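Q: Before I ask anything, here is the structure I am working with.
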Amino acid sequence: MSKFYLDAGTTWSKILEITDDNEKKYSVIKSSSLKDFQNIIFEKTTGHNFNHVQKKEHVNEVVALVKGCEHLIKPDGIVLDLGSRDIKWAKYKNDNFSDMDWNSSCASATGATIEMLLKFYNLNVSDLEFTKDRYSVTCGIFGLEQIMDDISNGLSAKVAISKFVHGIAFNAYNFTKTPEKIFISGGFCENKCFLDSLSYYTEVVSIGRFVLVDGLSRLPLC
């Protein structure tokens, strides 16, 4: 029988199915659709929306991140995961886990704010382009105020949102203590404007949006 693992994000959820033949099948769904998976008992879950499903064990997101990235960033590396409502990173040094941090305040709603703005202005994430200008972004709400002010003064929505994304990238770089190289996991792996903005400050390696759910599968079963 297949085993299922769930990274239940605020907006998007990632599911890993491991079949009897040890084949891995990944999928991404809207978290609002988790109600359709109530008949599945997940081996392990992580994320904010785990209460909507049946599970054997719930795992802290940082634990899932650390386990999911270790084979990708060792012996020395730092991985950053930035989602809809928080930002977290974990670091390996000399093949061992050495440090981490997690903030759900100043990074709150960043991913969700970008999705909201793109939908409101009828833009796609692929429309955004790196700009050297950036907003001073302390949270999604303050960033939104700056965007609205500039757009009302004639700046295009595409440029304004790109400046906001650059501000998020700059915050992320400082939050991770200005490393020479950052591995990126999560949905922002698919945001080229963010990756290009972060690359303005440091070397960036994208390792995909399934790192946490992979980490769940690497942990011992209950």
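Q: For the stretch 73-162, give me every one of the strands (runs of 3 or more DSSP E) that falls completely inside it and has 1 or more residues that are aromatic (F, W, Y).
A: Passing ranges, in order: 87-93, 96-103.
Q: Now for a separate question. Find the residue count for the stretch 178-209, including only residues that are in a loop (DSSP other than H, G, I, E, B), touching a strand residue (DSSP E or B) at 6+ places or on another chain (Cβ under 9 Å) and either among the β-branched types (V, I, T) or free of Cβ contacts under 8 Å to residues at least 12 places away in the same chain (or both).
A: Within the stretch 178-209, residues that are in a loop (DSSP other than H, G, I, E, B), touching a strand residue (DSSP E or B) at 6+ places or on another chain (Cβ under 9 Å) and either among the β-branched types (V, I, T) or free of Cβ contacts under 8 Å to residues at least 12 places away in the same chain (or both) number 2.
Q: If I ask for residues that are within 19 Å of the chain's Cα centre (by Cα) and at pLDDT 95 or above, which ones from the stretch 45-59 would you list?
A: Correct list: T45, T46, H58, V59.
Q: A further question follows. Return the only residue of V79, V137, V125, V66 being over 26 Å from R218 (Cβ atoms) and surrounded by 20 or more Cβ atoms within 10 Å (Cβ to Cβ).
A: V137
Q: Can I ask one more? Among the residues of the stretch 150-185, write down those that are open to solvent by 10 Å² or more (accessible area, probe 1.4 Å) and closer than 19 Å to N103 by Cα.
A: First pass over the stretch 150-185, keeping only residues open to solvent by 10 Å² or more (accessible area, probe 1.4 Å): 150-159, 163, 170-171, 173-175, 177-181, 183.
F170, N171, Y173, N174, F175, K177, T178, P179, F183 - these are the residues of the stretch 150-185 that are open to solvent by 10 Å² or more (accessible area, probe 1.4 Å) and closer than 19 Å to N103 by Cα.
Q: Within the stretch 37-54, which residues are open to solvent by 70 Å² or more (accessible area, probe 1.4 Å) and not aliphatic (A, V, I, L, M)?
A: Initial filter on the stretch 37-54 (open to solvent by 70 Å² or more (accessible area, probe 1.4 Å)): 38-39, 41, 51-52, 54.
Listed by number, the residues that qualify are Q38, N39, N51, H52, Q54.
Q: Looking at D150, D133, which is the one that is more than 17 Å from the chain's Cα centre (by Cα) and free of Cβ contacts under 8 Å to residues at least 24 places away in the same chain?
A: D150
The values are calculated or read from the model by the stated rules, or taken from the named source; none is laboratory data. Everything numeric in this text was worked out from a predicted model, so none of it was measured. Note: ideal-geometry Cβ built from the backbone for every residue, glycine included; neighbour counts use all protein chains shown. The accessibility values were calculated without ligands, DNA or RNA, using every heavy atom of the protein model including side chains. Shrake-Rupley method; radii C 1.70, N 1.55, O 1.52, S 1.80 Å.
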